[in-house]
Amino acid sequence: MRLLVTGGAGFIGSNFVRHVQRERPDWEIVVYDLLTYAGDRRNVEGLDRVSLVVGDICDEQALEGAVAECDAVVHFAAESHNDNSLHSPFPFVHTNVVGTYHVLEAVRRHGRRLHHISTDEVYGDLALDDPARFTPQTPYNPSSPYSSTKAGSDLLVRAWARSFGVQATISNCSNNYGPYQHVEKFIPRQITEVLSGRRPKLYGRGENVRDWIHTEDHSSGVLAILERGRIGETYLIGADGECSNRRVVELLLRLMGRAADDYELVDDRPGHDLRYAIDASKLRDELGWRPRYADFERGLADTVAWYRANRAWWEPQKAATEARYEVLGR
Ligand code: NAD
Ligand code: TDX
């Protein structure tokens with residue numbers, strides 16, 4: 001197997017690359033990544049049987065060449081941060097929608113298997129007391145430029161599967177955490193704020209709920225779908241990890257030896273989704289997938305330890321990220 005991983009130098013993509021490299025020692029992996037501000041070649045450097053092609057998924061010719069030489073494609077590449085999409089939506093339309101179109105056309109021309117990576121945010125949000133969780137039948141109802149472009153990319157994949165017979169599967173996963181996550185995202189932002197001698201910053205009143213999953217568990221779900229998923233199907237990936245943002249910050253502060261209320265409340269994100277929650281029973285029942293990082297507090301402690309030990313990895317991103325937040329007033 002020669003696997004092409006778009007966006008494989010980003011957070012989840014690079015964790016997936018390391019996961020596959022460990023779990024499938026006879027596979028060759030080609031990372032295809034533009035190395036935007038969110039991609040980092042160090043994330044995949046020095047790994048046996050892993051090579052990096054620096055390229056844009058919107059560059060039809062370069063992508064075509066890479067797809068032609070591989071057996072299957074896992075498509076992670078995207079603009080991924082909601083706050084950026086509220087400030088500057090065009091790159092999201094371009095990469096997430098137009099880029100996915102190019103990925104689909106390339107796999108169609110070469111008859112390659114595709115797994116498309118998406119998010120639970122395509123389903124919109126839930127009330128805090130709603131007993132329902134997202135299932136593959138939940139209607140799409142995205143809120144932000146980010147989630148609407150991810151929804152658009154999913155619809156393109158469904159249409160290409162039905163109209164052109166592209167051998168595709170889709171997964172929609174909940175919020176990931178773990179090593180190598182860009183410091184613009186919630187958990188690493190708070191950890192690195194504390195490590196920089198500042199206070200965590202909670203949007204609004206910190207009541208919003210996210211359904212946290214360790215990125216390793218996302219990777220094992222994707223590999224199961226790639227190998228054993230039914231073509232044309234959508235699988236939701238989640239590990240029953242619902243937790244309010246305030247509770248996450250309190251846990252982090254405690255793990256880092258600070259008072260649990262040593263945080264700031266800052267301006268809320270416009271259109272801020274209240275709650276996400278995933279019902280992953282299709283993935284569990286059909287493919288026998290189980291998460292291995294069920295203990296969120298332990299996963300957070302490991303993540304704090306990783307950021308403590310890897311200052312040289314995150315420090316270069318930190319000042320520019322906080323400057324962007326300064327402009328947003330958050
Ligand atoms: P990330 O921003 O850390 O990584 C994205 C990667 O894509 C980067 O390496 C970047 O350089 C690359 N990229 C961006 N534009 C590109 C282009 N035009 N051509 C080629 N490469 C390009 O994102 P992430 O958090 O690792 O998310 C990866 C995927 O998983 C995305 O599709 C995202 O929507 C999805 N997802 C993320 C989460 C989450 O919690 N972070 C949850 C569910 C789904
Ligand atoms: O400083 C912060 N303070 C804060 O309270 C930041 C950066 C975020 N938040 C809140 C906003 C959200 O309720 O924390 C929650 C998580 O925020 P993000 O890390 O920005 O993630 P979210 O908007 O939930 O989207 C994430 O999960 C789904 C990923 O970024 C997406 O790529 C993925 O699709």
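Could you check how many residues of segment 29-49 are near ligand 1 (Cβ under 9 Å from one of its atoms) and outside any loop (DSSP other than H, G, I, E, B)? Total meeting the criteria: 4.
Okay, residues lined up against (1) farther than 30 Å from Ala259 by Cα; (2) touching an Asp or Glu at 6+ places or on another chain (Cβ under 7 Å); (3) of a type in the set (Val, Ile, Thr):
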{"position": "Asp125", "(1), (2), (3)": "yes, yes, no"}
{"position": "Ser163", "(1), (2), (3)": "yes, no, no"}
{"position": "Cys173", "(1), (2), (3)": "yes, yes, no"}
{"position": "Glu193", "(1), (2), (3)": "no, no, no"}
{"position": "Pro200", "(1), (2), (3)": "no, yes, no"}
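Of note, Tyr140 satisfies the criterion of being surrounded by fewer than 23 Cβ atoms within 10 Å (Cβ to Cβ) and within 15 Å of ligand 2 (Cβ to nearest atom).
Select from segment 218-261 the residues that are over 21 Å from Ala72 (Cα atoms), under 20 Å from the mean Cα position of the chain (by Cα) and of a type in the set (D, E, K, R) and list them in ascending order. Matches in segment 218-261: Asp240, Glu242. Candidates are the residues of segment 11-36 that are within 16 Å of ligand 2 (Cβ to nearest atom) and of a type in the set (Phe, Trp, Tyr); the one that is surrounded by the fewest Cβ atoms within 10 Å (Cβ to Cβ) is Phe11. Restricting attention to segment 265-288, the residues that are within 11 Å of Ala224 (Cβ to Cβ), surrounded by 12 or more Cβ atoms within 10 Å (Cβ to Cβ), more than 16 Å from ligand 1 (Cβ to nearest atom) and not basic (Lys, Arg) add up to 2.
The one condition from (1) out of contact with any Lys or Arg (no Cβ under 7 Å at 6 or more places or on another chain); (2) more than 30 Å from Glu233 (Cα to Cα); (3) not in a helix (DSSP H, G or I) that Arg308 does not meet is (3). Among residues of segment 310-330 that are free of Cβ contacts under 8 Å to residues at least 12 places away in the same chain, those with a beta-carbon under 9 Å from a residue that is charged (D, E, K, R) at least six positions away or on a different chain give the pairs Glu322/Arg189; Glu322/Glu193; Glu322/Arg198. One residue stands out in segment 168-194 among those that are of a type in the set (S, T, N, Q) and more than 9 Å from ligand 1 (Cβ to nearest atom): the one that is surrounded by the most Cβ atoms within 10 Å (Cβ to Cβ), namely Gln190. The number of residues in segment 235-272 being farther than 24 Å from Leu86 by Cβ, in contact (Cβ under 8 Å) with a residue 24 or more places away in the chain and part of a loop (DSSP other than H, G, I, E, B) comes to 7.
Checking each residue in segment 55-81 for being buried (at least 20 other Cβ atoms within 10 Å of the Cβ) and either free of Cβ contacts under 8 Å to residues at least 40 places away in the same chain or near ligand 1 (Cβ under 8 Å from one of its atoms) (or both) picks out Ile57, His75, Phe76, Ala77, Ala78, Glu79, Ser80.
FYI, it's all coordinate maths here, none of it is from the lab. Keep in mind the model is a prediction, meaning the values are calculated, not measured. Methodologically, a virtual Cβ is constructed for each residue, glycine included, from the backbone with ideal geometry; neighbour enumeration extends over all protein chains shown.
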